[in-house]
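The values are calculated or read from the model by the stated rules, or taken from the named source; none is laboratory data. Just so we're clear, the structure is a prediction, and the values are computed from it rather than from any experiment. Here the Cβ positions follow ideal geometry from the backbone for every residue, glycine too, while neighbour counts run over all protein chains shown. Keep in mind that these areas ignore ligands, DNA and RNA; they rest on the heavy atoms of the full protein, side chains included. Shrake-Rupley method; radii C 1.70, N 1.55, O 1.52, S 1.80 Å.
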Amino acid sequence: MNSSNPVLTAAGRSQSAAKETLMLRMFSFAMFMTQAIVVSYLPLYFLDHGYNASQIGIIYSIGPFISIFSTLLFGAASDKYRTLKKIMTVILFGQLVMLSLLFTTQTFTIVCVIMLVFYFFQTPMNPLSDSLILLSSQYTGTPYALVRIFGSLGFAFMAFFMGQLLRFTGSWASLLVGVCTITVSFVLSLGLKDYQGSLKKMDFSGLFKILRKPDIVIFFVLILVISISHRMYEGFLAVTLRQMGASDSLVGVAWLISAVSEIPVFFLLGKYGHKFKELPLLAIASLMYAIRFWLVSEIQSPIWIIP
């Protein structure tokens, strides 16, 4: 009887959509807490265990390299098996195992192998979770940016929290907290609803047609350049700050401010982003990024990193 009542049906659907939006926001929050540790504090962990900047660079170059293969592999698997949730659950378990193995060794070669496998499972998380959020928006009615903003909040919270915690514990705590945040993400992933896209299989037949278009190639090249800069920023900001004399708490504050600065942008894009074209926004963002890098290269005191 209740299922035939449109008012009750609409109310039930609305309640279910609100619950799913909450789960996605919690999952995004937890997932980006892990990312804050990997990006912000694992370099300090390796630095404190005697690795030099070149070795840390090698460790952090593994991620972009293996992501070329792992993102395609897990993307194809999600298409073939028609599931995003189960694929994310598997790769979160893989992350948990690999990060736990870092407790067992300090040998550089073995650490490189462990981090290679860790990044194999970690790098596909963002595109897969983005896909899940985008597909869910058709059901929940919540724009992507208003879910993704909770990822920025999770990153900001963990960046600040770890900076304060390391003042008392030392960098070894980064691994322990990372294991905890991955565990929380894993548990939350079990409660997510599985959304599915189109039934089309991955098809590369149109790739060469796309690559024959100069505008597309130029766009890809520009994104490549920006991405290289971004990975350098992620991998070496904490190391650079430490070498400039910054404390771990100052590193945490720097990452906190960096993450918090995303929040109003995501909020505004969620509300008004449909009124603007993407390419001009990307151009403005890239210009501001370049100006920020130039300013960072000129300063002498780490405190000026924050503004």
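Inclusion of Val187 among residues that are open to solvent by less than 10 Å² (accessible area, probe 1.4 Å) and farther than 25 Å from Phe46 by Cβ is not warranted.
Of all positions in segment 41-62, at least one carries a residue that is outside any loop (DSSP other than H, G, I, E, B), farther than 27 Å from Gln164 by Cα and open to solvent by less than 50 Å² (accessible area, probe 1.4 Å). Among the criteria (1) farther than 30 Å from Gly57 by Cβ; (2) open to solvent by 50 Å² or more (accessible area, probe 1.4 Å), the one Val113 does not fulfil is (1).
Scanning segment 265-282 for residues that are in contact with a helix residue (DSSP H, G or I) (Cβ under 9 Å, 6 or more places away or on another chain) and either open to solvent by less than 90 Å² (accessible area, probe 1.4 Å) or under 16 Å from Leu237 (Cα atoms) (or both) gives Val265, Phe266, Leu269, Gly270, Gly273, Leu281, Leu282. Select from segment 220-257 the residues that are within 14 Å of Gly163 (Cα to Cα) and open to solvent by 20 Å² or more (accessible area, probe 1.4 Å) and list them in ascending order. Selection gives Arg242, Ser247, Asp248, Ser249, Leu250, Val253, Leu256, Ile257. When every residue of segment 90-104 is checked against the conditions, at least one turns out to be loosely packed, with under 15 Cβ neighbours inside 10 Å, modelled with pLDDT of 90 or more, over 20 Å from the mean Cα position of the chain (by Cα) and in a helix (DSSP H, G or I).
Please pick out the residue among Leu135, Leu176, Leu192, Leu165 that is part of a helix (DSSP H, G or I) and more than 28 Å from Phe103 (Cα to Cα). Break it down into steps so the answer makes sense when it comes.
Details: Leu176 fails: more than 28 Å from Phe103 (Cα to Cα); Leu192 fails: part of a helix (DSSP H, G or I); Leu165 fails: more than 28 Å from Phe103 (Cα to Cα).
Residue meeting the stated conditions: Leu135.
Every test in (1) open to solvent by 50 Å² or more (accessible area, probe 1.4 Å); (2) over 23 Å from His274 (Cα atoms); (3) not hydrophobic (A, V, I, L, M, F, W, C) is passed by Gly141 save one, and that test is (2).
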